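Take a look at the structure set out below.
The values are calculated or read from the model by the stated rules, or taken from the named source; none is laboratory data. Everything quoted here is computed from the prediction, not taken from an experiment. With ideal geometry, Cβ positions are generated from the backbone for all residues, glycine too; neighbour counts draw on all protein chains shown. Remember, those area values only see protein heavy atoms, side chains included, never the ligands or the DNA or RNA. Shrake-Rupley method; radii C 1.70, N 1.55, O 1.52, S 1.80 Å.
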Amino acid sequence: MDTDIKTNKHKAVEKQIIPRNRDCEDRRISYFIISYYFVQVLNLTTKMIFPIPKDLYPRISISFGIILVLFFAFTILTVLRRSLVFFTCSEILVISLFAISYLMDNAELSLLLDNAVWAILICVPLGVYAYSIKHKEVFYNMFLKSSFAMTIMLAFVFLFPPKDSYYSMSFSYALLVPTIFHLNEWLESRKKMYLIVSLIEIAGLTIYGSRGALISLSFFFMLKFILSEKNLIEKIGTILMTSFAIIIFYLNFDEIGTFLLQCLADKGYYSRSLTLLFSNRITYDLGRFEIFKYYLDLAAQKPLLGWGVLGGWVKKGSGPHNMIIEIILAFGIIIGGIISFILCLLQLRVFFVKDKSTRDLLVIYMSICIVLFFVSGNFLQKPDFFIFLGLVLGSFKNRENYIKE
C-alpha cells in the first residue's frame, strides 16, 4: 500500500517536472527567434537615427549579427535534438537550389551569394526553430512580452525621423510584426493597453510606412473575423457597421483627407500612404505590372526547367516583386506552378488547427507574409515566410508525441 502511494507520488512529481523541462527548452528555442527581431530593430534604428556614413553599414550589420550568432550557439543543441533530420534536409535543399542556380549560370554571383547567406544562415534556421517549438504558447507569450521594447525602439524612428526622409519599407515591416501581435492580443483578451499601443503603432505605419504593411493589417482583421466564434447575427451586425463606416468615410472623403493631411503637415509629418489615398492614387503600382509582364515573358522562355533561383533578375532589388512569379521564373511553369499551388494550400491550414496558440501564430505570420503573393518578393530573404512555413509544418505533428524526447 505504502509502495503504491510512493509510486503515485513519484509519477505525479514526474508529470510536473516534464512539462517544466519542455517549457524551458521551448523558451530557449524562442530566445533565438526573438533575438532576430531585436537585432533587426537595433540594426535599423541605429542606422536611421544616428548620422552614420553608409559605408559603415556593413560593419554595423556584422556587429549585430554576432549577437544573433551567440543566441544561435546557445540554443542550437536543443533544436538538433528535436529536429536534426528536418534541419539537415532543409539546409541541404536550400544549398542545392543555390548550387544548381550557380551551375545554370543565369544569375549574378554576387546576388546568389547575398541571398544564400540570408537563406542558409538566417531564414532556414529560423524556420526550423519555429518548427521545433512544441508548445507554441511559450513563444507567443515570450514574443508578446518582448514586443513592447521593439515598439519603443522603433518609436524613436517615428518621433525623430531622419532629415529629408518620410518613408521606409524596412521600418514598416519591422513595426508590423509587434503591431499584429498586439492587435491579436487585444482581440483575444480585450485589454485596453494593447488597443492603445496598437493604435499608436498603426498611426506610425500609416504615416511613415508602406502600403504593403497596411495590406497585411487589413488581411489580419479579415482573417480574424472569419475565424471568430461569433454567431451569424453578430457577424452580420459587424459587416453592416463596417459598411456604414465605409459609406460615411466615402461621402466625406475629401474633407477627411484635407483635415488629416493638414494636421500632419502642421506637425511636420508627411504620409506617403495617405497622400496617395486622398489623391486617388492608392492603387498606383509604381511600374509593378510592367515588371510582372517582363518576368512572366522571361519565364515563358524557359517553361520546363526555369532560370534557377534569382536567375534572370535585372539586379538586386529589381526582381519580380511577386513570390508566385518568382517561383515560376526560378523553377519553370510546371514545377513552379506545383510549388505555388502547395504554398496556396498551406494557407488553408489555419482553418484546421485546433491549438489556439498555434492558430494565432499562423494568423499573425500568414498576415505578415500575404503581401508576398501580390506586391512583394525575394522570399529567400524573408525570415517571416520561413517562420510561417515552420509553424505550418510543425502544426501537423501529433502533440502526444511531444512527450518523447
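Numbers below:
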{"quantity": "Failed criterion for R288 (all others in (1) in contact (Cβ under 8 Å) with a residue 40 or more places away in the chain; (2) open to solvent by less than 30 Å² (accessible area, probe 1.4 Å) hold)", "calculated": "(2)"}
{"quantity": "Failed item, numbered, when M153 is tested on (1) modelled with pLDDT of 90 or more; (2) surrounded by 15 or more Cβ atoms within 10 Å (Cβ to Cβ)", "calculated": "(1)"}
{"quantity": "The listed residue being surrounded by 13 or more Cβ atoms within 10 Å (Cβ to Cβ), modelled with pLDDT of 95 or more and out of contact with any strand residue (DSSP E or B) (no Cβ under 9 Å at 6 or more places or on another chain), out of L391, L329", "calculated": "L391"}
{"quantity": "Matching residues in the range 335-364 - criterion: being open to solvent by 20 Å² or more (accessible area, probe 1.4 Å) and farther than 30 Å from A299 by Cβ", "calculated": "F351, F352, K354, D355, K356, S357, R359"}
{"quantity": "Filter result (at pLDDT below 90 and exposed (fewer than 12 other Cβ atoms within 10 Å of the Cβ)) within the range 73-93", "calculated": "A73"}
{"quantity": "Pairs, first closer than 17 Å to Y365 by Cα and touching a residue at least 40 places away in the same chain (Cβ under 8 Å) in the range 137-155, second open to solvent by less than 30 Å² (accessible area, probe 1.4 Å) and outside any helix (DSSP H, G or I), C-beta under 7 Å, six or more apart", "calculated": "F139/I133"}
{"quantity": "Breaking point among (1) open to solvent by less than 40 Å² (accessible area, probe 1.4 Å); (2) acidic (D, E); (3) at pLDDT below 85, for E201", "calculated": "(3)"}
{"quantity": "First in the range 231-251 and surrounded by 10 or more Cβ atoms within 10 Å (Cβ to Cβ), second anywhere and assigned to a helix (DSSP H, G or I), Cβ under 7 Å, 6 or more apart", "calculated": "T238/F225; F249/I256"}
{"quantity": "Filtered residues of the range 30-72 (kept if open to solvent by 70 Å² or more (accessible area, probe 1.4 Å) and under 18 Å from Y129 (Cβ atoms))", "calculated": "Y31, V69, L70, F71"}
{"quantity": "Matching residues, the range 218-270, being over 30 Å from S357 (Cβ atoms) and acidic (D, E)", "calculated": "D254, E255, D266"}
{"quantity": "Residue tally, condition open to solvent by less than 30 Å² (accessible area, probe 1.4 Å) and touching a residue at least 60 places away in the same chain (Cβ under 8 Å), over the range 294-312", "calculated": "5"}
{"quantity": "The listed residue being over 19 Å from N106 (Cα atoms) and either open to solvent by 90 Å² or more (accessible area, probe 1.4 Å) or of a type in the set (F, W, Y) (or both), out of T275, T258", "calculated": "T258"}
{"quantity": "Number of the condition not met by N184 [criteria: (1) open to solvent by 40 Å² or more (accessible area, probe 1.4 Å); (2) modelled with pLDDT of 80 or more; (3) closer than 30 Å to M48 by Cβ]", "calculated": "(1)"}
